[in-house]
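Below is one structure; the comments refer to it alone.
The values are calculated or read from the model by the stated rules, or taken from the named source; none is laboratory data. Just so you know, these numbers come straight off a predicted model, no measurement behind them. No Cβ is skipped: glycine too gets one built from the backbone with ideal geometry, and neighbour counts run over all protein chains shown. Accessible surface is based on the protein model in full, side chains and every heavy atom, while ligands, DNA and RNA are left aside. Shrake-Rupley method; radii C 1.70, N 1.55, O 1.52, S 1.80 Å.
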Amino acid sequence: MVTLKGKNVFLRALEPEDLAFIYHIENDEHLWEVSNTQTPYSKFLIRQYLENAYQDIYEAKQLRLAICKNNTLEAIGLIDLFEFDPKNSRAGIGIIIQNEINRNAGFGKEALSLLIDFSFQQLQLHQLYANIGIENIASIALFTTFGFEKIGVKKDWNYSNNSFQDEVFFQLINK
């Protein structure tokens, strides 16, 4: 797992002990906007998800990893590859850091760097993409730091706070 270890964080597979952490994230209504969730998840459903988390990315078409500080196994966030498409050699990528204490501390930046490198070197992907709400300035700044380019804007794509919001589509090509 040396590939997924950085200076301050490492990425690890999900464990059954992550149930409470994932339950909290999936049921935080403030995060539903970025995760396209509209209803809460039960512990039963999350437990089932964790029981199947062993599936290979080629089988599940996604990879969800816990972001942990190097001095602990406790998760501070999640990072995902989703809609994995081996034929076209691409995947979507998303990240969430759970609380304000760990945000803007460089943990997300390091985790994203690790997963980008893994995606291009180990999985041999040609491209990664991200869908980011137009008002999510922090995420836009994070992804553009790594060379993600704004490809387009999906007008009135997401309904949030009693209005429709645009979503920006970003893409990073492995050159």
Problem set entry | Those strands (runs of 3 or more DSSP E) lying entirely in the range 1-98 with at least 1 residues modelled with pLDDT of 85 or more and among the basic types (Lys, Arg) | 9-13, 63-69, 90-97
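Residues are listed down the side, and each one gets a yes or a no for (1) modelled with pLDDT under 95; (2) open to solvent by 50 Å² or more (accessible area, probe 1.4 Å); (3) closer than 26 Å to GLU26 by Cβ:
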position: LEU112; (1), (2), (3): no, no, yes
position: ALA130; (1), (2), (3): no, no, yes
position: ALA138; (1), (2), (3): yes, yes, yes
position: SER163; (1), (2), (3): yes, no, yes
For this session: Would you check if LYS61 is open to solvent by 40 Å² or more (accessible area, probe 1.4 Å), closer than 20 Å to PHE143 by Cα and in contact (Cβ under 8 Å) with a residue 12 or more places away in the chain?
Result: no
Problem set entry | Set LEU142, LEU172, LEU125: member being surrounded by 13 or more Cβ atoms within 10 Å (Cβ to Cβ), touching a strand residue (DSSP E or B) at 6+ places or on another chain (Cβ under 8 Å) and assigned to a strand (DSSP E or B) | LEU172
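One line per residue, one yes/no per condition, for (1) within 24 Å of TYR23 (Cα to Cα); (2) hydroxyl-bearing (Ser, Thr, Tyr); (3) touching a Gly at 6+ places or on another chain (Cβ under 8 Å):
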| position | (1), (2), (3) |
| --- | --- |
| ASP85 | no, no, no |
| ASN104 | yes, no, no |
| LEU128 | no, no, yes |
| ILE137 | no, no, no |
| THR144 | no, yes, no |
| ASN161 | yes, no, no |
| GLN165 | no, no, yes |
Exercise. In the range 72-110, which residue that is among the basic types (Lys, Arg) and over 26 Å from GLU29 (Cα atoms) is surrounded by the fewest Cβ atoms within 10 Å (Cβ to Cβ)?
Worked result: LYS87
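Okay, residues lined up against (1) free of Cβ contacts under 8 Å to residues at least 24 places away in the same chain; (2) in contact with a Cys (Cβ under 9 Å, 6 or more places away or on another chain):
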residue: VAL9; (1), (2): no, yes
residue: ALA13; (1), (2): no, no
residue: PRO16; (1), (2): no, no
residue: GLU26; (1), (2): yes, no
residue: LEU45; (1), (2): yes, no
residue: ASP56; (1), (2): yes, no
residue: ILE67; (1), (2): no, no
residue: GLN98; (1), (2): no, no
residue: ASN102; (1), (2): no, no
